1. Go through the range 1-54 and give me each residue that's farther than 19 Å from A73 by Cα, buried (at least 20 other Cβ atoms within 10 Å of the Cβ) and small (G, A, S).
2. Please tell me if Q22 is outside any loop (DSSP other than H, G, I, E, B) and more than 12 Å from the chain's Cα centre (by Cα).
3. Could you please tell me which pairs satisfy a Cβ distance under 9 Å, a separation of 6+ or placement on different chains, a first residue in the range 36-59 that is under 19 Å from A10 (Cβ atoms), and a second residue that is of a type in the set (K, R) and outside any loop (DSSP other than H, G, I, E, B)?
4. Is at least one residue of the range 2-16 in contact with a helix residue (DSSP H, G or I) (Cβ under 9 Å, 6 or more places away or on another chain), at pLDDT below 90, part of a strand (DSSP E or B) and small (G, A, S)?
5. When you scan the range 60-69, do you find a residue that is closer than 23 Å to D112 by Cα, assigned to a loop (DSSP other than H, G, I, E, B) and in contact (Cβ under 8 Å) with a residue 12 or more places away in the chain, even just one?
6. Condition test on R89, is it of a type in the set (K, R), surrounded by 14 or more Cβ atoms within 10 Å (Cβ to Cβ) and either touching a helix residue (DSSP H, G or I) at 6+ places or on another chain (Cβ under 6 Å) or in a loop (DSSP other than H, G, I, E, B) (or both)?
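The values are calculated or read from the model by the stated rules, or taken from the named source; none is laboratory data. Being a predicted model, the structure only gives us computed values, none of them experimental. When we count neighbours, we look across all protein chains shown, and the Cβ atoms used for this are built from the backbone with ideal geometry, even at glycine.
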Amino acid sequence: MSRLFALDPAMPVLLRPDGAVQVGWDPRRAVLVRPPGGLSPTALAAVLRTMRVPVGIAQLRRLAGGHGLGDTAALDELLTALVAAGVVRERAGRPSARALSIRVHGCGPLSDLLVE
């Protein structure tokens, strides 16, 4: 069985002007992540947003590799740190056959972020 990782759905993934990626709104719980070598902040944000639904480690490694990450150990360390910080959940199992869906009403910065 593979390990699955899921980002807490209540925590958005935001790009910061200083090159970091912020996970979460709340200053007390938000986590700043510096992209590992080979990944841009935009690419790291895309990888993290993929984790809104449980995703396997192999798929995360392929996605990060497609964005330029050559060192899978760096991704493993990042995931371990995010699990320790409480913003990512890890579990053993199989991905769900059914994809989660949401409906977004209205337009504005928040709906634009949710649709990404």
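1. G24, the sole residue that qualifies.
2. no
3. P54/R89; P54/R91
4. Checked the range 2-16: at least one residue is in contact with a helix residue (DSSP H, G or I) (Cβ under 9 Å, 6 or more places away or on another chain), at pLDDT below 90, part of a strand (DSSP E or B) and small (G, A, S).
5. Yes; the residues of the range 60-69 include at least one that is closer than 23 Å to D112 by Cα, assigned to a loop (DSSP other than H, G, I, E, B) and in contact (Cβ under 8 Å) with a residue 12 or more places away in the chain.
6. It is false that R89 is of a type in the set (K, R), surrounded by 14 or more Cβ atoms within 10 Å (Cβ to Cβ) and either touching a helix residue (DSSP H, G or I) at 6+ places or on another chain (Cβ under 6 Å) or in a loop (DSSP other than H, G, I, E, B) (or both).
So that you can scan it fast, the table gives a plain yes or no per residue for (1) within 12 Å of the chain's Cα centre (by Cα); (2) modelled with pLDDT of 90 or more:
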site	(1), (2)
P36	no, yes
R49	yes, yes
D71	no, no
A74	no, yes
T80	no, yes
R89	yes, yes
P95	no, no
R98	no, no
L114	no, no
